[in-house]
Amino acid sequence: MGATLDALHRLQAIESKLHVLRQRIEAKRREIRVQTRRLTKIRQDDEELHEKLKRQQADIDRLELERKGREEEIAKFREQMKITKTNKEYAALRVQINTLDANNRKLEDRILALMTHADELNVEAETTKKELRHQTERLERLERELAEIELQAGPQIEALLSQREQASYDVPPTALQVFERVAEHHESEAMAQIVRPHVKREGFICGGCQMTIPLEAVNATMNTDDIQTCNVCGRILYLEAPAATDPAATA
């Protein structure tokens, strides 16, 4: 293996470690984003329930006021019945009282139905409140976990970035540009081994995308220090990785 590919392998080893650390942080941030959306939805549900309860109570209060008003009318008519002088007047007052009383019974049924529904909403609101507390605690826990991961990974990332900068000095500018472009496209995996899937058959494939590699690219990789890329996935090709690509292992 030529010097360029050897330097690229060292760079890839550092890039892979950086990717793992960054992925740990990003995975936790993803969890937090999902949890935040979940919490927002629960908060919206909680607010909607409280609005429903307010409207329900307002309806109950309005109907109760209407019922009490009719009760007062009934009481007034009953007092009038005590002093009425004719059967006709008495009968008319009785009809009015019966009508008001029948309407009040209907009102009481409506009020009871509304109160039953309000009780159901209160149970649902209490369940939502408990879920809100639970999910809030979970979000707070995830945020603490993220802070711990960042605290632990921060110095490691800084050290690896420093190593990466040093390692990049050993890579020719053109090769470095290719490496960085491919690494960005393939989640930091810029290199792929040339694989011969069948020992007894001719033919090679890219270890990254499993597609066929032309024999001339294999020969160029074997005999020159020029980088060759897979014509399908664009990864930088190599035949065998060096025994030690970790800068820490060779120090």
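No value in this document is a laboratory result; all are computed from the given coordinates. Predicted, not measured: the structure shown is a model, and the values here were computed from it. Cβ coordinates were reconstructed from backbone atoms using ideal geometry, including for glycine residues, and neighbour counts include every protein chain displayed.
Residues whose amide H comes within less than 5 Å of that of Phe204, counting only those at least five positions distant or on another chain, are Ile213 (H built at 1.01 Å from N in the peptide plane). Each Lys and Arg adds +1 at its Cβ and each Asp and Glu adds -1 at its Cβ; summed about the Cα centre, the range 5-140 shows a dipole of about 320 debye. Rounded to a whole number, what is D in µm²/s for the chain from Stokes-Einstein with the Kirkwood radius over alpha-carbon pairs (37 °C, 0.692 mPa s)? This corresponds to a translational diffusion coefficient of 128 µm²/s. The stretch between Val95 and Glu187, if pulled fully straight at 0.36 nm per residue, gains 24.6 nm over its current Cα-Cα span.
Quick check: Cα centre of the range 54-125 to Cα centre of the range 156-234, how many Å? Rounded to whole Å, the Cα centres lie 85 Å apart.
The gain in end-to-end length when the Glu165 to Arg43 segment is fully stretched comes to 39.3 nm, 0.36 nm per residue minus the alpha carbon separation. Only Cα pairs under 8 Å and 6+ residues apart enter the sum, and on that basis the relative contact order of the chain stands at 31 percent. Take the Cα of Glu202, step 7 Å toward its Cβ, do the same at Glu180, and the gap between the two points is 4.0 nm. For a quick check, take a GNM of the chain with Cα springs below 10 Å and name the residue from Leu18, Leu142, Leu65 with the largest mean-square fluctuation. So, out of Leu18, Leu142, Leu65, the one fluctuating most is Leu65. Considering helices alone, the calculated mean residue ellipticity of the chain at 222 nm is -27500 deg cm²/dmol, with DSSP H runs of length four and up weighted by -39500 (n - 2.57) and normalised per residue. Note on the range 1-122: Cα Rg divided by 2.2 N^0.38 Å, N the number of residues, gives 2.65. Counting neighbouring beta carbons within 10 Å and listing from fewest to most, the residues Leu161, Leu132 come out as Leu161, Leu132. Simple point charges give the picture: +1 on the Cβ of Lys and Arg, -1 on the Cβ of Asp and Glu, and for the chain a dipole about the Cα centre of about 1480 debye. Residues of the chain were split at every exposed loop site, defined as trypsin sites (Lys or Arg not before Pro) in a DSSP loop with at most 12 other C-beta atoms within 10 angstrom, and the longest piece left, sites excluded, is 86-199. Using the Cβ of Val182 as centre and a radius below 12 Å, the other residues enclosed give a net charge of -3, where K and R count +1 and D and E count -1.
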